[in-house]
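Accompanying notes for the structure given below.
The values are calculated or read from the model by the stated rules, or taken from the named source; none is laboratory data. From a predicted model like this one, the values you see are computed outputs, not experimental measurements. Cβ sites come from the backbone with ideal geometry, for glycine too, and all protein chains shown count toward neighbours. When the accessible area is computed, the model is the full protein with side chains, heavy atoms only, and any ligands, DNA or RNA have been set aside. Shrake-Rupley method; radii C 1.70, N 1.55, O 1.52, S 1.80 Å.
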Amino acid sequence: MEHEESTHQVPGTLTEEQAERVLAGMNEVIRAGEEMRRLRAEMIRVLAGFGWTQERIAQLTDMSQPAVSKQMAKHKADEPRPPMGVSLGQRDIPWLEGRLWGLAEVISETFHETARCTRCVNALARGKKRFTPQNVDELRRLIEDDLRLHRAELPGGFQAAYDEISRGLDLPSKATTTTSASVRRAVAHRIQRDLLRR
């Protein structure tokens with residue numbers, strides 16, 4: 001009897017399931033925000049490694065110079081890292097995932113109404129999906145469908161980029177890097193997008 005009373009919904013209140021769904025949505029936004037803050041902090045380190053000034057980094061990140069200085073001071077005692085490589089042909093998994101994501105995003109923007117990869121791209125961008133092997137395989141299949149469906153409208157560079165990325169993902173390099181996976185993914189994503197948009 002006591003159990004029945006505790007599970008009985010009081011009129012005008014949320015059910016446990018409704019509350020869980022509301023909070024899950026909020027938690028996704030909060031988690032995405034925390035991940036973006038960590039990613040930005042890591043990007044500040046990468047830019048500093050390229051020799052960029054605090055003033056320039058502050059302008060690019062839309063942060064105050066003292067805030068950038070504080071981020072850099074946090075990592076001053078860490079061992080200095082070599083500058084991150086930014087050549088397109090790198091073959092570690094995060095780099096290839098970033099290139100795949102960039103390719104998918106340009107396809108999605110070009111054929112928004114009919115692109116099969118749009119939902120997956122949006123979920124990755126919002127942090128609702130992670131770069132797990134299963135999600136990367138799903139994205140690859142969707143891109144393959146889009147490349148087939150829109151072959152006539154797409155420049156050949158799209159298929160060539162996909163073929164190179166796909167070969168790399170099938171036989172990735174065992175090379176290790178000191179830069180975090182999320183930063184490598186974000187940088188490769190940007191470079192791939194810019195190359196396809198030329």
Scanning for something open to solvent by 70 Å² or more (accessible area, probe 1.4 Å) and within 22 Å of Leu196 (Cβ to Cβ), does the range 62-84 turn up at least one residue? no
If we keep just the residues of the range 85-114 that are closer than 20 Å to Asp163 by Cβ and among the charged types (D, E, K, R), which is surrounded by the most Cβ atoms within 10 Å (Cβ to Cβ)? Arg99
Residues of the range 116-129 being at pLDDT below 95 and outside any helix (DSSP H, G or I), in sequence order, are Arg126, Gly127, Lys128, Lys129
Please identify the pairs in which a residue from the range 32-48 that is under 13 Å from Arg184 (Cβ atoms) has its Cβ atom under 7 Å from the Cβ atom of a residue that is of a type in the set (A, V, I, L, M, F, W, C), counting only partners at least 6 apart or on another chain. Leu39/Val183; Leu39/Ala186; Glu42/Val183; Met43/Val183; Val46/Met84; Val46/Val183
Go through (1) at pLDDT below 95; (2) more than 18 Å from the chain's Cα centre (by Cα) and name the single condition Asp163 misses. (1)
Does Arg38 count as part of a helix (DSSP H, G or I) and touching a His at 6+ places or on another chain (Cβ under 6 Å)? no
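Considering the range 96-138 alone, what residues qualify as being among the hydrophobic types (A, V, I, L, M, F, W, C), touching a His at 6+ places or on another chain (Cβ under 7 Å) and over 19 Å from Arg184 (Cβ atoms)?
Phe111
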Open to solvent by 60 Å² or more (accessible area, probe 1.4 Å), modelled with pLDDT of 90 or more and among the β-branched types (Val, Ile, Thr): is that true of Thr132 in this structure? no
Can you pull out every residue in the range 142-177 that is surrounded by 12 or more Cβ atoms within 10 Å (Cβ to Cβ) and not in a helix (DSSP H, G or I)? His150, Leu154, Pro172, Ser173, Thr177
Pairs please, first residue from the range 169-198 and closer than 15 Å to Arg40 by Cβ and modelled with pLDDT of 85 or more, second anywhere and polar (S, T, N, Q) and open to solvent by 80 Å² or more (accessible area, probe 1.4 Å), Cβ atoms under 8 Å, 6+ apart in sequence or on different chains. none
As an exercise: evaluate Arg40 against (1) at pLDDT below 90; (2) under 30 Å from Arg148 (Cβ atoms) and give the number of the one condition it does not meet. (2)
Looking at Asp146 and the list (1) at pLDDT 95 or above; (2) touching a Cys at 6+ places or on another chain (Cβ under 8 Å); (3) more than 21 Å from Leu195 (Cα to Cα), which single condition is not satisfied? (3)
Quick one: in the range 148-168, of everything that is among the hydrophobic types (A, V, I, L, M, F, W, C) and touching a residue at least 40 places away in the same chain (Cβ under 8 Å), which residue is nearest to Glu105 (Cα to Cα)? Phe158
